[in-house]
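The values are calculated or read from the model by the stated rules, or taken from the named source; none is laboratory data. This one's a predicted model, so the numbers in the text were calculated from it and none came from an experiment. With ideal geometry, Cβ positions are generated from the backbone for all residues, glycine too; neighbour counts draw on all protein chains shown. Surface accessibility is based on the protein's heavy atoms, side chains included, excluding ligands, DNA and RNA. Shrake-Rupley method; radii C 1.70, N 1.55, O 1.52, S 1.80 Å.
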Amino acid sequence: MRIMGERWLKSACKRFVVGLATLGILQIALLCSVQAASQIVILATTTSTQDSGLLDVVVPLFEKRTGYVVKTISVGTGQALALGGRGEADVVLVHAPEAEKRYVADGTLINRQLVMHNDFIIVGPESDPARIRGLRKASDALRKIAEAKAAFASRGDNSGTHQLERRLWKEAGLDPNGDWYLQSGQGMGQTLGIASEKRAYTLADRGTYLALKKRLTMDILIERDPSLLNIYSVMEVSSARFPKVNTAGGKAFAEFMVSPAAQEVIKSFGVEKFGEPLFYPDAGKREEEIGR
C-alpha cells in the first residue's frame, strides 16, 4: 500500500508539474498574441493613396521607425470612414472634408489633421466628343458631356471622388442617368482603366492619373477649377467610443503622417518619375490656406 501511495503521489506531482508547465506555455502564448496584436495598426484609407504608390513608400518607413505593422484596407473614402465609424480600424486617411467633419462631430473619429492635397481633373479621350477641353468650370464640362450623351465612367462607390462628382452634377443642375453614364463600383485605378477602354470621360485625382498614365489612352481636359481641390486628412478612431482599438498605434501613424519626415516624402513623391509631385504636404495648415 505504501509503495502504491508513493507511486500515486509521484504520478500526481508529475501531472501537477506538467499542468503548471502547460499553463505557463498558454500564458506566454496568450501574452505574445496580445503583444503581437498591439503591434498591428489597421489603416482604413482611400484607393488613391494605394493606387498612386504613396503608401508603398510611407508605410514601410513608418514600420521601420516604430516597429508597428500596418494592415491597410484600401477602399473608397465613404467605406473607409464607415470602417472607422464602426471601430473596425485604428486610423483613417481619406479625402472628403464634409463627411470627415460629421464623423468628428459625432465623436467616432478624433484629432483630424490635414496631411496633403492634390487636385481632381476630368480626363477623357483625345478626340473629346463633348468638346469640353479648356472649359474653366468642371460643372460646365459635365453639362456638355450629358448633352452629348458621351460616355462617362463614375466610380459609383460613395468615395471622396464620387461625392465630389455628385456635387458637380448638382451644380450643373443634372441627375445623370442613361446608357452613357457608367457606374464602375470600383476604385480609382480600375475606373480609369474602364474609362480608357470605353473611351469615356471620368473624374480622377491627379496623383492616380499620373501614376497610371502610361497604361491609359486619355488626356487631361479640365483642370485647375477651385472646386476640384482634393484635401486629405488623417484621423484616429476614438478609444472612448471603441475601447478595443489600438489607440497608441493609430495615434503613432497619424502623428507620423504629419511629421517632417513623412511630409518631406510627400513633397518629393513623384517628382523624379513624373516631373511634378503627386501630392503637396499640408501639415499644420488650415483648409482655407490650401491651394492659394
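Have a look at LYS214, LYS244 and point out the one that is free of Cβ contacts under 8 Å to residues at least 24 places away in the same chain and over 16 Å from the mean Cα position of the chain (by Cα).
LYS214
Where residues in region 229-254 are of a type in the set (A, V, I, L, M) and part of a helix (DSSP H, G or I), which of them is least open to solvent (accessible area, probe 1.4 Å)?
Only one residue tops the list, namely ALA254.
Just the residues that are of a type outside the set (D, E, K, R) and over 22 Å from GLY76 (Cβ atoms), please, taken from region 146-171.
Residues satisfying the conditions are ALA146, ALA148, ALA150.
When you go through (1) closer than 18 Å to GLU126 by Cα; (2) open to solvent by 20 Å² or more (accessible area, probe 1.4 Å); (3) of a type in the set (A, V, I, L, M) one by one for ALA200, which number turns out not to apply?
(2)
I need the full set of residues from region 177-211 which are at pLDDT 95 or above, part of a strand (DSSP E or B) and not hydrophobic (A, V, I, L, M, F, W, C), in order please.
Across region 177-211, the qualifying residues are TYR181, GLN183, TYR201, THR202.
Return the residues of region 217-235 that are under 23 Å from SER127 (Cα atoms) and either β-branched (Val, Ile, Thr) or within 15 Å of the chain's Cα centre (by Cα) (or both); say none if nothing qualifies.
Passing the criteria: THR217, ILE220, ILE222.
Return the residues of region 255-270 that are under 14 Å from LEU54 (Cβ atoms) and either of a type outside the set (A, V, I, L, M, F, W, C) or open to solvent by 60 Å² or more (accessible area, probe 1.4 Å) (or both); say none if nothing qualifies.
Passing the criteria: GLN263, GLU264, LYS267, SER268, GLY270.
Against the definition (touching a helix residue (DSSP H, G or I) at 6+ places or on another chain (Cβ under 6 Å) and open to solvent by 10 Å² or more (accessible area, probe 1.4 Å)), how does ASN177 come out, yes or no?
no
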